[in-house]
Amino acid sequence: MALLGRNFSAALRRTLGRAGLVASLVLAASASAQANTLVRVSTTFGDFTLELFDDVAPVTVRNFLNYVERGAYNGTYFHRLDAGFVLQGGGYRLIPYEGPLQVPADPPIVNEYRESNVRGTIAMAKLDGDPNSATSEWFINLADNSANLNTQNGGFTVFGRVLGDGMTVMDAINLLPVFALGNVQSQIPLHSTGESEELTVNNFVTMNAEVVQRYSAALAVFETQTGLLMASVDGGATLGAYSVNLSLQPQLPGTVFRLNADSLVRLAIRPIGMATYADNKLRIPTLEVNENGNVRVLRNVVLGLTDASQWLFSLESYEP
C-alpha cells in the first residue's frame with residue numbers, strides 16, 4: 001500500500017508516468033478525438049454521459065451548459081415519461097413539504113433544428129406553435145422519433161447524444177409506472193411507491209449534471225483538471241446508496257475533498273463494485289483517474305471524514 005504524499009496530483013503524475021509512453025500517446029489521441037463538450041448525468045438509476053453537438057447547435061448547447069454550470073439541474077427530476085417515446089426533464093425540483101418548484105428559466109432561444117430525432121439523442125422541449133420557445137427543459141428520445149419530431153413545430157432541436165451503454169439507464173426508467181401530480185405533470189415516473197399514498201423525494205427519479213473532460217462508464221472517476229471526484233456510494237441500510245461528487249480543495253494542506261451536498265442523488269440500484277461508506281471512511285475499490293486524457297486506475301482508495309461540519313474528506317491511502 002502506498003501512503004499519501006502532500007501533493008496528490010504529483011503522486012498521480014508519477015503513477016501515470018509508469019503506465020508507459022505508448023499507452024499515454026494512445027489515450028491522448030483518443031481524448032483529442034473527443035472534441036465536443038461532455039456532460040455526465042447521474043440519476044436514480046445510474047449515470048450516463050452526453051456528447052453535445054457544439055458546432056451543430058451552438059446556441060442550444062451554450063444554453064444547456066449555462067444551466068449545467070450553475071447547478072440548475074442538480075436535484076431536479078424527470079417530470080414526464082411517455083413510455084417508448086420520450087423522457088423529459090430540466091423543469092422542476094421537488095421541495096419537501098412544498099411541492100414542485102420550477103427551474104428559473106433563461107430567455108428562450110432560437111430553434112436550431114438540423115439533426116434527426118433518433119433514439120439516444122437529446123433535444124429541447126418547447127411550447128406548441130412556437131419554434132423559438134425552448135428554455136430549460138429537454139428530453140431524451142427513447143425511440144426513433146424522426147418521422148414525428150423532425151417536422152413538428154419547426155423541428156425539435158437535437159443538440160447531443162447519449163454515449164456508450166447509457167441508454168440502459170433510460171430503458172430502466174422507461175419501465176417505471178407513471179403518476180399524475182396535479183394537472184401540469186400527468187406522466188411522472190416514480191419508483192418504490194409500494195402501497196403508500198404519501199410521496200417523498202425518494203420516489204422521484206432525480207439527477208445531477210456535471211461537465212466532464214472524458215467519457216467513462218466507471219463507477220468512480222477523478223479528473224485532475226477539474227478536481228472533481230464522482231462516485232456511486234453504498235452507505236448501508238441506514239444511509240442508503242447515493243451518487244455523489246466531491247471537489248478537491250487545493251487551498252487546504254494534504255489532499256482534501258469537500259462533498260458537494262447538492263450533488264447527492266439517491267440511488268434505487270446498487271451496482272457491483274461501487275464505493276462504500278462506513279465508520280467515517282469512504283472506500284473506493286477502483287478509481288479511474290483522468291489527467292488530461294492520460295488514464296490510470298488506482299485501487300482501494302480510502303478517504304476519511306475529517307470535518308463533518310464542512311463535509312471534508314482527507315485521502316488516507318491508495319494502491320497504484
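Rundown of residues vs (1) of a type outside the set (Phe, Trp, Tyr); (2) modelled with pLDDT under 95; (3) buried (at least 22 other Cβ atoms within 10 Å of the Cβ), yes/no style:
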position: PHE78; (1), (2), (3): no, no, yes
position: PHE85; (1), (2), (3): no, no, no
position: ILE122; (1), (2), (3): yes, no, yes
position: SER136; (1), (2), (3): yes, no, yes
With over 20 Å from ALA72 (Cα atoms) and not assigned by TED's automatic domain parsing to the domain that holds ILE269 as the only criterion, which of GLY160, GLY154 stands out?
GLY154
Would you call PHE156 free of Cβ contacts under 8 Å to residues at least 24 places away in the same chain, surrounded by 13 or more Cβ atoms within 10 Å (Cβ to Cβ) and hydrophobic (A, V, I, L, M, F, W, C)?
no
Filter pass, VAL162 being in contact (Cβ under 8 Å) with a residue 40 or more places away in the chain, farther than 24 Å from VAL265 by Cα and crowded, with 18+ Cβ neighbours inside 10 Å:
no
How about segment 57-103: which of its residues are among the charged types (D, E, K, R) and either part of a strand (DSSP E or B) or at positive phi (or both)?
ARG80, ASP82, ARG93
The listed residue being under 19 Å from the mean Cα position of the chain (by Cα) and surrounded by fewer than 18 Cβ atoms within 10 Å (Cβ to Cβ), out of GLN249, GLN310, GLN225
GLN225
Right, LEU282: at pLDDT 95 or above and buried (at least 21 other Cβ atoms within 10 Å of the Cβ) or not?
yes
Selection from segment 293-318 of residues that are part of a strand (DSSP E or B) and at pLDDT below 95:
ASN294
In segment 37-56, how many residues are in a loop (DSSP other than H, G, I, E, B) and either touching a helix residue (DSSP H, G or I) at 6+ places or on another chain (Cβ under 8 Å) or within 24 Å of LEU246 (Cα to Cα) (or both)?
5
Just checking, which of ALA278, ALA261 is within 18 Å of ASP47 (Cα to Cα), small (Gly, Ala, Ser) and touching a residue at least 12 places away in the same chain (Cβ under 8 Å)?
ALA261
What strands (runs of 3 or more DSSP E) lie completely within segment 175-223 and have 3 or more residues being over 30 Å from TYR277 (Cβ atoms) and either assigned by TED's automatic domain parsing to the domain that holds ARG70 or touching a Phe, Trp or Tyr at 6+ places or on another chain (Cβ under 6 Å) (or both)?
178-181, 185-189
Before we move on, is LEU181 among the aliphatic types (A, V, I, L, M) and under 25 Å from GLU137 (Cα atoms)?
yes
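The values are calculated or read from the model by the stated rules, or taken from the named source; none is laboratory data. Keep in mind it's a predicted model, so treat the numbers as computed, not measured. Here Cβ is always computed from backbone atoms with ideal geometry, including for glycine, and neighbour counts include all displayed protein chains.
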